Amino acid sequence: MTPWWQSAVIYQIYPRSFYDANGDGIGDLRGIIQKLDYLQRLGVDALWLNPVYPSPMRDFGYDVSDYCGIDPAFGDMADMQALITQAHKRGMKIVMDMVFNHTSHQHPWFKAALENDPHYRDFYIWREPKNTRHKTPNNWRSAFGGSAWRWHHKRQAFYLHSFLPAQPDLNWRNPEVEKAALQILDFWLAKGVNGFRFDVINLLFKDPTLRNNPLRFGGIGRPYEWQQHRHDRNQNETHLFLQRMRRHLDNRGDILSVGEIMYDKYETCATAASFCGQQDELHLTFNFELLHAKFSARALHLALQRWYDALGKNWPSITFSNHDFPRQISRTGRYKQAEKARLLAMLALSAKGTVVLYYGEEIGMQEEPVRKKEIQDPAGQFYWPIYKGRDGCRRPMCWDDSEYGGFSAQRSWLPVSPAAPKRNVLAQQMNPNSLWHFYRSLIALRKEYTCLQTGEITLHPVQHHVLYFTRSLGKQILHIMLNISPRPQSMPYLPNPRDACLLNSRPAAKSLPHELAPYQGVIYQQAQGSQD
Ligand code: GLC
Ligand code: CA
């Protein structure tokens with residue numbers, strides 16, 4: 001039997017920004033429940049929620065102070081239980097975000113560690129100073145800026161924080177940490193959740209002797225990227241833990257584990273693929289090459305080819321956006337964005353792999369950075385102006401043209417997109433030619449054609465800027481051709497007169513026979529018995 005997640009379209013919800021049911025400007029669980037019918041209409045199979053646990057919100061939920069609770073800003077456990085039940089009623093699964101690399105500094109474990117509690121004193125990574133407390137234990141840096149070490153007066157020692165000082169890293173070399181983590185998974189499984197997305201999971205174990213990271217000369221971007229993360233990521237023990245966790249989850253049913261693997265632009269998606277192991281670690285990981293790739297047939301072809309090659313027998317995931325990256329449509333350049341958005345949608349929903357969509361992508365929400373004084377993201381506050389942070393992809397979902405975009409009855413935590421009056425769900429639902437309807441038909445097509453879900457993929461060499469691949473399963477063969485260029489191009493596959501055109505991204509575009517209009521994508525079903 002195929003596991004549920006293999007054929008699934010997963011919809012990522014940033015709960016703060018999806019729908020605010022109680023009118024305090026912050027999205028909440030009741031809000032998601034109210035929008036379940038919407039999600040069902042769109043046709044998605046599962047929801048991944050960014051963290052909703054109690055948190056001081058220094059990193060908007062990625063600083064967890066209780067893994068088995070719900071932050072009051074989002075609701076309470078009864079709301080969460082209702083969300084799970086209501087989603088299941090509609091045939092949708094729930095995937096929780098799990099942050100195991102670090103906790104909040106407000107977590108009871110960290111507080112107990114400060115008190116030198118014998119059970120918790122080694123839950124985090126502490127180092128006593130050698131000679132002076134002004135010299136950090138090594139050169140590791142925090143992804144959010146500065147040294148990864150913070151002096152703690154109470155313990156008279158440094159603790160490690162790969163992200164904010166308010167996010168101390170757990171010490172995975174302590175077996176008690178693993179025990180606690182697996183219990184947390186069981187807690188949520190008992191509530192009925194269907195899977196977990198594991199945050200920065202390749203960071204869990206660190207080099208036991210805390211060796212310095214080698215520097216990367218000529219590094220660009222943030223100082224964090226100026227070193228090779230040889231000793232603070234990708235340790236072999238992480239793979240061994242993932243194998244244990246995989247067994248733990250597989251013993252509990254058809255549960256998805258999908259991991260976020262942090263790797264930088266000098267590496268390829270092979271790093272991400274390696275954490276699926278021999279189908280015995282994570283079920284899925286994310287390929288960030290697809291988010292970094294230039295919007296061109298060659299670049300996307302390369303990122304996909306490398307992904308499938310690196311994965312071997314492991315199953316791919318396909319995603320172009322998330323809560324940490326500029327929104328996909330804005331990465332394609334300004335020209336003909338409406339057409340390009342459709343090509344990306346077609347690619348995501350017809351390539352081989354579990355699809356992960358990011359809320360708002362179905363209406364073409366843009367990257368919209370906020371003004372300096374409105375910045376909420378700690379990374380943006382620290383690095384501004386060299387890096388403006390992640391608020392631009394976290395703005396409230398635009399539901400209609402009312403004040404505050406139909407997201408809330410009052411001013412929201414991040415400003416509503418100025419484009420909301422025009423680009424919103426209601427307007428697009430009323431227009432049969434909208435991007436929203438296009439996403440909906442693609443999802444429906446995937447449901448109808450099993451070969452789009454689990455069929456094999458063949459990527460054909462790129463000619464004249466056309467990304468062309470075939471999906472096949474038994475006798476079902478589909479040809480997908482995407483012209484990623486502003487000029488007409490000839491079709492690399494010449495459809496037989498008996499072939500059916502299942503989907504056309506630009507039905508009104510005029511083109512010659514066997515030609516694709518600029519930025520046009522098509523899906524043909526090869527008639528049985530015909531040859532290409
Ligand atoms: C991951 C999350 C990101 C968060 C970071 C620290 O990269 O996706 O949003 O800030 O981990 O937890
Ligand atoms: Ca609210």
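Worth a mention:
- Matching residues in region 419-444 - criterion: being charged (D, E, K, R) and either more than 24 Å from the chain's Cα centre (by Cα) or outside the structural domain of Pro396 (by TED's automatic domain parsing) (or both): Lys422
- Members of region 179-218 found to be closer than 21 Å to Phe163 by Cα, of a type in the set (Lys, Arg) and surrounded by fewer than 18 Cβ atoms within 10 Å (Cβ to Cβ), listed by number: Arg211, Arg216
- Scanning region 384-431 for residues that are part of a loop (DSSP other than H, G, I, E, B), away from ligand 1 (no atom under 16 Å from the Cβ) and touching a residue at least 60 places away in the same chain (Cβ under 8 Å) yields a total of 12.
- Residue count, region 45-58 (criterion: in contact with a strand residue (DSSP E or B) (Cβ under 9 Å, 6 or more places away or on another chain) and either surrounded by fewer than 23 Cβ atoms within 10 Å (Cβ to Cβ) or not β-branched (Val, Ile, Thr) (or both)): 8
- Candidates Arg233, Arg244 - the one that is out of contact with any strand residue (DSSP E or B) (no Cβ under 7 Å at 6 or more places or on another chain), surrounded by fewer than 20 Cβ atoms within 10 Å (Cβ to Cβ) and closer than 25 Å to Pro208 by Cα: Arg244
- Test: residue in region 12-32 that is surrounded by fewer than 21 Cβ atoms within 10 Å (Cβ to Cβ) and away from ligand 2 (no atom under 11 Å from the Cβ): no
- In region 290-320, the qualifying residues are those that are among the polar types (S, T, N, Q) and within 20 Å of Gln453 (Cα to Cα), and the one that is nearest to ligand 1 (Cβ to nearest atom) is Thr319.
- One residue stands out in region 111-154 among those that are of a type in the set (A, V, I, L, M, F, W, C) and surrounded by fewer than 16 Cβ atoms within 10 Å (Cβ to Cβ): the one that is farthest from ligand 2 (Cβ to nearest atom), namely Trp151.
- Subset tally (residues that are within 16 Å of ligand 1 (Cβ to nearest atom) and either part of a helix (DSSP H, G or I) or aliphatic (A, V, I, L, M) (or both)) for region 1-27: 5
- Of the strands (runs of 3 or more DSSP E) lying entirely inside region 434-532, the ones with 2 or more residues being among the hydroxyl-bearing types (Ser, Thr, Tyr), within 25 Å of Ala293 (Cα to Cα) and at pLDDT 95 or above are found at 466-473.
- Restricting attention to region 28-51 and to residues that are within 16 Å of ligand 1 (Cβ to nearest atom) and assigned to a loop (DSSP other than H, G, I, E, B), the residue that is farthest from Gln453 (Cα to Cα) turns out to be Pro51.
- Of the set (1) farther than 21 Å from Phe286 by Cα; (2) of a type outside the set (Phe, Trp, Tyr); (3) outside any helix (DSSP H, G or I), all apply to Ser257 but (1).
- Any hit, region 341-350, residues being in the same structural domain as Ser274 (by TED's automatic domain parsing), within 16 Å of ligand 1 (Cβ to nearest atom) and either over 18 Å from the mean Cα position of the chain (by Cα) or not small (Gly, Ala, Ser) (or both): no
The values are calculated or read from the model by the stated rules, or taken from the named source; none is laboratory data. Being a predicted model, the structure only gives us computed values, none of them experimental. Heads up, the Cβs are rebuilt from the backbone with ideal geometry, glycines too, and the neighbour counts pull from every protein chain shown.
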